[in-house]
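For reference, the structure discussed in these notes is given below.
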Amino acid sequence: MDASIILFYVISVLLVLSSLMVVFLRNVVHCALALVAALFLIAILFVMLHAPMVGVLQVLVYAGAIMVLFLFVIMFLNPTASEPRRKLWWGFGSLAALLLAASLAALLSNGEAPADPVAATETFGSPETLAKSLFTDFVLPFEITSVLLLVAIIGAVVLAKREP
Amino acid sequence: MVATTQAVVTVDLLRWMPLIPLLASLINMFFGARLGRKTAGGLACAAVLASFAIALYVFWLLPATGMFRDTVYTWIESGSFQVKLSFQVDALTAVMLLVVTGIGFLIHIYSLGYMGHDEGMVRFFVYLNLFIFFMLLLVMGDNLLVLFIGWEGVGLCSYLLIGFWYHDHANTIAGNKAFIVNRIGDFGFVLGLLLLVTELGRQGIWTLDFMELQQHVNLLSPEKITLITLLLFVGAAGKSAQIPLFVWLPDAMAGPTPVSALIHAATMVTAGAYMTARLHFLFVLAPETLSLIATIGAATAFFAATVALTQTDIKRVLAYSTVSQLGYMFVAVGIGAFSAAIFHLFTHAFFKACLFLGSGSVIHALDGEQDMRKMGGLKAYLPTTYWTYVIATLAIAGAPFTAGFFSKDFILWQAYSSPRGSTELWFVGWLTAGLTAFYMFRQLFLVFHGECRVDEHVKAHIHESPAVMTVPLVVLAAGSIFAGWLGAPEYLWGSLWDHWLQPIFGGAHEAAHGSLTDEINLTLLTLAIGGLGFLLAYFIYGRASKLPDRLASLAGGGPYRLLLHKYYIDEIYDVLIVRPFTYCSRWLAQVFDPGVIDGLVNAVARGARGFSLIWREVQTGNVQHYLAGFLAATLALLAYFLKQQ
Amino acid sequence: MVPLDYYLILSAVIFAIGVIGVLVRRNLIVVLMSIELMLNAVNLTFITFSRFLGSMQGQVIVFFVMAVAAAEAVIGLAIVISVFRHRRSLDPQEMQLLKW
């Protein structure tokens, strides 16, 4: 058995567990923390998949910024009411999700596994390669994304402003 | 009876005959108020005079030419089916033209006086000119469709003019009655027309042209021709007031007297006879229809005459007399003696118009009184009216050498001697002639002779009518004598009339049985019964006596009342037809329409609403529900893709 | 060498778990977090295919997805704050003003 496969199994089990924790835990803060854990694990998977730059970005942006924001808001709002649960809805939802997972899996696993073309290159997934793609082929989406972020900032400020 | 072929000449003049009265009508309609009553009336009369002048001119030129035609434009063009707005004048039309425009002109002049003080005088002339326009369309149309336009148009004008004094509700009801009963006839007419077109079309000929119809008429089977002619006769019965559609004509007397004279005596009501004469080539191929026509004509003539015996309104007597004389015309048609029918139409126009205008003169003099029981002794006050009335009465009664004598005798002789005639027909016609003489002289004596029973305050104002009214009376009276001289029997000086109409109807009528002696004998018999009628009228009404009352109470008064109430036919129609129909209409309007039709529409609306009430529940406002919907759809799609694999 | 299918099945499972969270949880913040989970599952798929097809495009897309997810999380949380101020509740089932 390959070391990478064992690693994969471990990480995937942990990932699934933390996702389930995100969805099923009662305390919001606990859910947020579980999500952070999940994001980290996904970052590890990224690195395993020869995408180190994206993995680092995942940690920096997602786990680092977005989740901090989430926690910030949770603690800002400090919601105390506990949420009611309905067994029927839970069962139904779980069933639907199960179906979804099953059909997706069935669909996706019908392709042939191609040969591994990436093992040879050293630079695949490195910052230089990513940057090169970004600033040549995808420069327009790049610029538009910056505008998008600007809009998001302004929008957030306007929306969350306390009315005088 | 095949008409000889004729030359056809196109002349643009024809269209002006109807057009000038139409223009005058329109001018009066829009500018009449500004022109003032005198000018408007003058314009209307001038327009008809112009048409009469053209008619005379065309009449003068006709024998040399044969037939005139004027095509205005092509109205309908659908494949090989063409209908043109086109006029034709042949010998038959020429006669009708002279009657319509000539007598129409005289009546227009008369109306200047009769309607002179009426505030609706301009409107009157608008309608009257419009009527001339449509009537000319009717007689000059060279295809059935143009004839039908005229047919409908004169019905419209009749309605407008009967209900002329519309402030009195009874007049509008009479107008409605005329129009509706006419419409029933028109329904038959249209069906006949459509059947004719489609049947011929089945044989490949698509036309409504009279000349072309005549050429191809033998393509139709006898049964179809019988059906077509029956339907067309329904139309004629409506327009010309034959049984069972005559009920509108007596009520039509609600209109002003010139209207009764022009429309309901001389022209419109004769349209039915004209139409059958125009389509004679069709009718002669349907012997069953012809015998039906003859029977109905004879029955109508007789029954109307019996009703006229008892009427007390001066115009009603004349109305039933018109119905009766129209019956004579249809007897002639039914025998196939079309020339005789048109001849009687011609002479009847003169003396009936004279009678009506004379009665109008009396009514005018008596400030609107129409009840003959309140008249009497007017001979002294209204001399011109009296003498013209006498002449016209002699004419209608068939006094020797008057117009009515020749035309009525012509028909009676044909009834007796023609192969399609019969002794029974002759007998009924002969009796009716006697009745005619009786009731007409009864009227004469009641109105002009004896003691004056006029109300005192009216008596003070009695005056003879102005020249504008009396001159037409004189002209018409002259016509009542001399017009008939055109159609004398062979043993006298022969019939110019028959000769004139020979290109149309094909010349001499065959006398199947009966010789010259028979003809003379029959004439003498007719004179005899006419004289008998005169004498009876004189003895009962000509002198002061209790006879009228004793006659009325004969047999318990039952027969008298039956005749007075015109056999209760209006009441019978009311119960049998009008009331069920009204009931159905009311049911449809109040039950069916709101309940079923509206119900259906409302049910659809309710259904849509109910449907949407259910489906709108999908919009719960809960985002998670919407997402669940998303998920369901996605699963469906995925299942589809899986199936694909 | 981990086969392609394993990664794909894993991301499908993570996605489905995220779907449960979105549909069922009655706390808006947790719903948003579940959406982030779903996005990450998709990112995983993209990176997997990027690796196995040898193209950088997958990673570039993930880059943009992350940027957009950040923007969306920001706005979403601003809306949550706003809503909480008005209704003092974070239960999506209580926000039914757009009901028929």
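The values are calculated or read from the model by the stated rules, or taken from the named source; none is laboratory data. Since the model is a prediction, treat every value here as computed from it, not as a measurement. Because the Cβ atoms are built from the backbone with ideal geometry, glycine has one as well, and the counts that use them run over all protein chains shown.
Tabulated data for the structure shown
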| item | result |
| --- | --- |
| Some residue of the stretch B:604-615 being within 30 Å of C:Val31 (Cβ to Cβ) and not in a helix (DSSP H, G or I) | no |
| Flag for A:Phe72 being out of contact with any strand residue (DSSP E or B) (no Cβ under 7 Å at 6 or more places or on another chain) and either outside any helix (DSSP H, G or I) or farther than 27 Å from C:Ser55 by Cα (or both) | yes |
| Count of the stretch A:10-36 residues which are under 14 Å from C:Ile14 (Cα atoms) and surrounded by fewer than 19 Cβ atoms within 10 Å (Cβ to Cβ) | 8 |
| Residue count for the stretch C:23-35, restricted to those that are facing another protein chain (nearest Cβ under 7 Å) and in a helix (DSSP H, G or I) | 6 |
| B:Ala392 being in contact with a Gly (Cβ under 7 Å, 6 or more places away or on another chain), small (Gly, Ala, Ser), crowded, with 22+ Cβ neighbours inside 10 Å and modelled with pLDDT of 90 or more | yes |
| Selected residue (criterion: farthest from A:Leu108 (Cα to Cα)) from residues of the stretch C:62-93 that are assigned to a helix (DSSP H, G or I) and in contact with an Asp or Glu (Cβ under 7 Å, 6 or more places away or on another chain) | C:Arg87 |
| Flag if B:Gly421 is at pLDDT below 85 and at positive phi | no |
| Enumeration of residues in the stretch B:527-561 that are among the small types (Gly, Ala, Ser) and closer than 19 Å to B:Arg373 by Cα | B:Ala537, B:Gly542, B:Ala544, B:Ser545, B:Ala552, B:Ser553, B:Gly557 |
| Helices (runs of 4 or more DSSP H) wholly inside the stretch B:256-304 containing at least 2 residues that are buried (at least 24 other Cβ atoms within 10 Å of the Cβ) and of a type in the set (S, T, N, Q) | B:257-261 |
| Only listed residue being within 20 Å of A:Ser146 (Cα to Cα) and either touching a helix residue (DSSP H, G or I) at 6+ places or on another chain (Cβ under 7 Å) or not in a helix (DSSP H, G or I) (or both), chosen from C:Gln96, C:Gln59 | C:Gln59 |
| Within the stretch C:78-100, considering residues that are more than 7 Å from every other protein chain (Cβ to nearest Cβ) and on the phi < 0 side of the Ramachandran plot, the one surrounded by the fewest Cβ atoms within 10 Å (Cβ to Cβ) | C:His86 |
| Members of the stretch C:47-67 found to be closer than 20 Å to A:Leu35 by Cβ and either buried (at least 22 other Cβ atoms within 10 Å of the Cβ) or at the interface with chain A (Cβ under 7 Å from one of its Cβ atoms) (or both), listed by number | C:Ile47, C:Val62, C:Met66, C:Ala67 |
| Selection from the stretch B:60-89 of residues that are crowded, with 18+ Cβ neighbours inside 10 Å and part of a helix (DSSP H, G or I) | B:Leu62 |
| One residue from B:Leu637, B:Leu631 being within 14 Å of chain C (Cβ to nearest Cβ), over 60 Å from the mean Cα position of the chain (by Cα), aliphatic (A, V, I, L, M) and assigned to a helix (DSSP H, G or I) | B:Leu631 |
| Matching residues, the stretch B:163-200, being within 13 Å of the chain's Cα centre (by Cα) and either of a type in the set (Asp, Glu) or surrounded by 21 or more Cβ atoms within 10 Å (Cβ to Cβ) (or both) | B:Ala178, B:Val181, B:Asn182, B:Gly185, B:Asp186 |
| Test result for A:Ser4, closer than 27 Å to A:Pro79 by Cα and assigned to a helix (DSSP H, G or I) | no |
| B:Val468 assigned to a helix (DSSP H, G or I), hydrophobic (A, V, I, L, M, F, W, C) and under 30 Å from B:Met115 (Cα atoms) | yes |
| Criterion: within 16 Å of the chain's Cα centre (by Cα) and at pLDDT below 95 - qualifying residue of B:Leu147, B:Leu106 | B:Leu147 |
| Candidates B:Ala544, B:Ala589 - the one that is outside any helix (DSSP H, G or I) and of a type outside the set (Ser, Thr, Tyr) | B:Ala544 |
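For (1) under 30 Å from A:Ala102 (Cβ atoms); (2) modelled with pLDDT under 85; (3) under 31 Å from the mean Cα position of the chain (by Cα), each residue gets a yes or a no:
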site: B:Gly558; (1), (2), (3): no, yes, no
site: B:Ile569; (1), (2), (3): no, no, yes
site: B:Asp574; (1), (2), (3): no, no, yes
site: B:Leu588; (1), (2), (3): no, no, no
site: B:Val604; (1), (2), (3): no, no, no
site: B:Phe611; (1), (2), (3): no, no, no
site: B:Gln645; (1), (2), (3): yes, yes, no
